[in-house]
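These notes are about the structure you will find just below.
The values are calculated or read from the model by the stated rules, or taken from the named source; none is laboratory data. Since this is a predicted model, take the numbers as computed values, not measurements. Here the Cβ positions follow ideal geometry from the backbone for every residue, glycine too, while neighbour counts run over all protein chains shown. Each accessible area value is taken on the protein alone, full model and side chains, heavy atoms only, with ligands, DNA and RNA left out. Shrake-Rupley method; radii C 1.70, N 1.55, O 1.52, S 1.80 Å.
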Amino acid sequence: MKLSDFDFDLPERLIATRPARPRSAARLLLAEAGGIADRVVQDLPAILRPGDRLVLNNTKVIPARLSGSRTRQSAQGEVSARIEVTLLEPAPGGEWLALAKPLRKLRIGETIRFSTALTAEVRAIAEGQLRLAFSLAGADFDAALAEAGAMPLPPYIAALRAPDEADKTDYQTVFARHAGAVAAPTASLHFDAPLLAALAARGVQFSEVTLHVGAGTFLPVKVDDVATHRMHAEWGEVSDKAAAEINATRDAGGRVIAVGTTALRLLESAAASGRVAPFCGTTDIFIYPGYRFRVTDALMTNFHLPRSTLLMLVSALMGQQRIREIYAHAVAHDYRFFSYGDASLLIP
């Protein structure tokens, strides 16, 4: 399989820069039994069956984009430089790995000031990344970050507009509980309280797992032979309770439906034995055509970037030719793409 096998033409006008309102008013492409139907997310209670189980990722996105400055003494006196920082993931010892622009203006030992309450010392610079030690920790750090930070919108949205206050709500799921992601599990953004209640009334069940989505989800694939691509690692957890619920659904003949590729990757990581086991740690599972799914019966997901690992994942689930047909339909019928875009429900 070559990278070019996962390419397609996408008009820029189809890249969504704002979500549907209400969330559940987004369009839903339903692909099952060889057919395609144009629905809306609000139709899910009529589409799903009693006994189906939706697996939700309850990670919480942190406002990981920070704008600050560093000050340095020079022959011309005190000089300052603006520094834009994007947090990537926690590092050992309470520090953080981050990206910075412009990186060349920073030195080890310097302090970046983000607000009156929040500063960070540059502890290391290597391979295009920083390691930062912040002046605050715990709840104080969380509060200062919420005040000073902005939501880390994906590059394809950030290229079209700047983050704003609305994104702090829009780019967060209604069931976000555990802070640590620097990108949202975007299929879950379509759910609101009325939809969750309607699904529960239908007899659809829910299990929550946690996978902290990393910035690596946006990294391009740079190898032509896709099998040689190395996935980024992300931290996830499947609790004893969630594992038992998912296995019980399968035993009873219900369908396990992952909401989002992040939930699916974690489920499959936890099911090496063919059944879901409790899991806590990092996963770098790479799912591409030829992969044999262990526990996932269906997937609700947004529409993904050309040449991306996520497009490879849905191709593994549905088949490459079938995904080409689905994406051609989505483009022809003006579905909105990517993080704030519309959804698909893929049932092999």
**Fill in**
Here, T17 and D240, labelled 7 Å along Cα→Cβ, have an inter-label distance in nm of 5.0
**Item:** Neighbourhood charge, 11 Å Cβ-Cβ cut-off, centred on D284 and excluding it, Lys, Arg +1 and Asp, Glu -1
**Value:** +1
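Just to make sure I understand: if all protein chains stay in place, what is the order of H178, H232 by accessible area at 1.4 Å, largest first?
H178, H232
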**Request:** Mind grabbing the accessible area of D9 for me, 1.4 Å probe, Å², rounded to tens?
**Result:** 140
**Item:** When the convex hull of its Cα atoms is projected in every direction, mean area for the stretch 223-270 (nm²)
**Value:** 4.5
**Asked** With r defined as the distance between the Cβ atoms of A81 and A146 and R0 fixed at 35 Å, what FRET efficiency is calculated, to the nearest 0.05?
**Response** 0.90
**Item:** Cut-off 17 Å, label 7 Å out along Cα→Cβ of D5, residues of the stretch 277-314 by amide N
**Value:** 286-293, 306-314
**Request:** Please quote Rg/Rh for the stretch 34-82 to two decimal places, taking the Kirkwood radius as Rh and restricting both calculations to Cα atoms.
**Result:** 1.52
**Request:** Only helical DSSP H runs with n ≥ 4 go in: add -39500 (n - 2.57) per run for the chain, normalise by residue count and round the 222 nm mean residue ellipticity to 500 deg cm²/dmol.
**Result:** -6000 deg cm²/dmol
**Asked** At what distance in nm do the modelled label points of S67 and L160 sit from each other, each positioned 7 Å from its Cα along Cα→Cβ?
**Response** 2.1
**Asked** For the chain, how big is Rg over Rh, using alpha carbon atoms and the Kirkwood form of Rh?
**Response** 0.99
**Request:** Please compute P(r) over all alpha-carbon pairs of the stretch 85-198, binned at 5 Å starting from zero, and give each bin as a whole-number percent.
**Result:** 2, 10, 18, 21, 19, 15, 8, 4, 2, 1, 0
**Message:** Give me the percent of accessible area attributable to carbon and sulfur for the stretch 151-243, probe 1.4 angstrom.
**Reply:** 56
**Request:** Using only protein heavy atoms and a 1.4 Å probe, report how much of K105 is accessible, in Å² to the nearest 10.
**Result:** 70
**Angle in degrees between helix 309-318 and the longest Cα principal axis of the chain, rounded to the nearest 10** = 10
**Fill in**
Computed over the stretch 222-339, the distribution of all Cα-Cα distances in 10 Å bins, rounded to whole %, is 12, 42, 32, 13, 1
**Item:** trypsin sites (Lys or Arg not before Pro) lying in DSSP loop within the stretch 221-290, provided at most 13 other Cβ fall within 10 Å
**Value:** K222, R230
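Hey, can you find the accessible area per residue of the chain for me, probe 1.4 Å, expressed in square angstrom?
Result: 44 Å² per residue.
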**Asked** For E110 and A46 in one chain, what is 0.36 nm times their gap in residues minus the Cα-Cα distance, to one decimal in nm?
**Response** 17.3 nm
**Prompt:** So what does Y288 come to for accessible area, using a 1.4 Å probe and Å² rounded to 10?
**Reply:** 60
**Request:** Could you tally the net charge around D5, taking each other residue with its Cβ under 13 Å from the Cβ of D5, Lys/Arg +1 and Asp/Glu -1?
**Result:** 0
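Would you mind counting up the charge near R104? Only other residues with Cβ under 15 Å from its Cβ, with Lys and Arg at +1 and Asp and Glu at -1.
It works out to a net charge of +3.
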**Å³ per residue enclosed by the Cα convex hull of the stretch 115-156** = 95
